[in-house]
Amino acid sequence: MRNNQHIAPRRLNGNEALWAELEGIATRTAVGKGKTLFRQGDAGRGVFLLRKGKLMLSMHPRGHKKLLYRTIGPGHILGLPATLSDAPYSLTAKGLADCELAFIQAEEVVDLLKKRGDLCLHAVEIMAHEVRQLRRRQASLISLKPAG
C-alpha cells in the first residue's frame with residue numbers, strides 16, 4: 001500500500017506522515033459510482049483514505065432534505081472524528097465516480113496514535129481544520145446581529 005501515485009499532495013496539508021502510516025496498516029477497498037461508502041448514523045468503524053475517485057459528502061438533518069456538504073477527491077482522510085470519538089459517522093459518503101480507498105479499522109487507528117504521539121498532532125490538525133470549515137459554513141448560513 002506504499003504507492004501514493006494517486007494522491008494529490010495539496011490535499012494532505014502537511015499530513016503526509018499520518019497518511020503514510022495509516023496506509024501502511026490499511027486494506028484496500030473500493031466503492032462504485034452511485035454506491036454508498038457509509039451513511040450518517042452508521043457506527044464509526046474506522047478511517048478511509050481516498051486514493052482515487054470522487055465522493056459526495058452529505059448530511060440529512062431530521063425533518064429536512066438531504067444537504068450537500070461537499071465533494072472531495074484524492075488525498076482526503078474520512079471518518080477520523082467518528083473513529084476517535086467512538087461515535088457514528090456524521091455524514092454520508094457516496095461515490096460520484098468509481099473510488100479506490102484504503103480502510104483502517106478503528107482499533108488500529110487508535111493503537112497507532114497511542115504509539116505515535118507525533119501523529120496525534122496531525123490527527124488534531126485535521127479535526128481542527130474540519131471545525132474551522134464548519135464554522136465558516138455556519139457563519140455564511142446565519143446572520144449574527146450585535147447584542148444590544
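Could you please let me know if residue 102 is closer than 20 Å to residue 19 by Cα, among the hydrophobic types (A, V, I, L, M, F, W, C) and assigned to a strand (DSSP E or B)? Yes; evaluated as a whole, the condition is true for this residue. Inspection of segment 90-112 identifies no residue that is touching a helix residue (DSSP H, G or I) at 6+ places or on another chain (Cβ under 8 Å) and at positive phi. Condition first: closer than 19 Å to residue 22 by Cα and not in a loop (DSSP other than H, G, I, E, B). Now tell me which residues in segment 39-71 satisfy that. Once the filter is applied, which keeps residues that are closer than 19 Å to residue 22 by Cα and not in a loop (DSSP other than H, G, I, E, B), segment 39-71 yields 46, 47, 48, 49, 50, 51, 52.
Figure legend. Inter-residue proximity from segment 115-132: first residues surrounded by 14 or more Cβ atoms within 10 Å (Cβ to Cβ) and of a type outside the set (A, V, I, L, M, F, W, C), second residues at pLDDT 80 or above and part of a helix (DSSP H, G or I), beta-carbon distance below 6 Å, spacing 6+ or different chains. Indicated pairs: 122/18. Scanning segment 19-37 for residues being in a strand (DSSP E or B) and more than 9 Å from residue 102 (Cβ to Cβ) gives a total of 4. Annotation: of all residues in segment 61-76 being of a type in the set (A, V, I, L, M, F, W, C) and touching a residue at least 12 places away in the same chain (Cβ under 8 Å), the one that is surrounded by the most Cβ atoms within 10 Å (Cβ to Cβ) is 72.
Among the residues in segment 117-132, are any of a type in the set (Lys, Arg), farther than 18 Å from residue 22 by Cβ and outside any strand (DSSP E or B)?
Yes: segment 117-132 contains one or more residues that are of a type in the set (Lys, Arg), farther than 18 Å from residue 22 by Cβ and outside any strand (DSSP E or B).
When restricted to residues that are crowded, with 20+ Cβ neighbours inside 10 Å and closer than 24 Å to residue 66 by Cα, segment 19-43 contains 3. Among the residues of segment 39-50, count how many are over 19 Å from residue 123 (Cβ atoms) and under 13 Å from the mean Cα position of the chain (by Cα). Qualifying residue count, segment 39-50: 2.
It is to be established whether one or more residues within segment 105-120 are in contact with a Lys or Arg (Cβ under 9 Å, 6 or more places away or on another chain), at pLDDT below 95 and polar (S, T, N, Q). Checking segment 105-120: not a single residue is in contact with a Lys or Arg (Cβ under 9 Å, 6 or more places away or on another chain), at pLDDT below 95 and polar (S, T, N, Q).
In the set (1) on the phi < 0 side of the Ramachandran plot; (2) without any contact (Cβ under 8 Å) to a residue 60 or more places away in the chain; (3) crowded, with 21+ Cβ neighbours inside 10 Å; (4) under 13 Å from the mean Cα position of the chain (by Cα), residue 79 fails one condition alone, (1).
The values are calculated or read from the model by the stated rules, or taken from the named source; none is laboratory data. Note that the structure is predicted; figures quoted are calculated from it, not measured. FYI the Cβ positions are ideal-geometry reconstructions off the backbone, even for glycines, and counts take in every protein chain you see.
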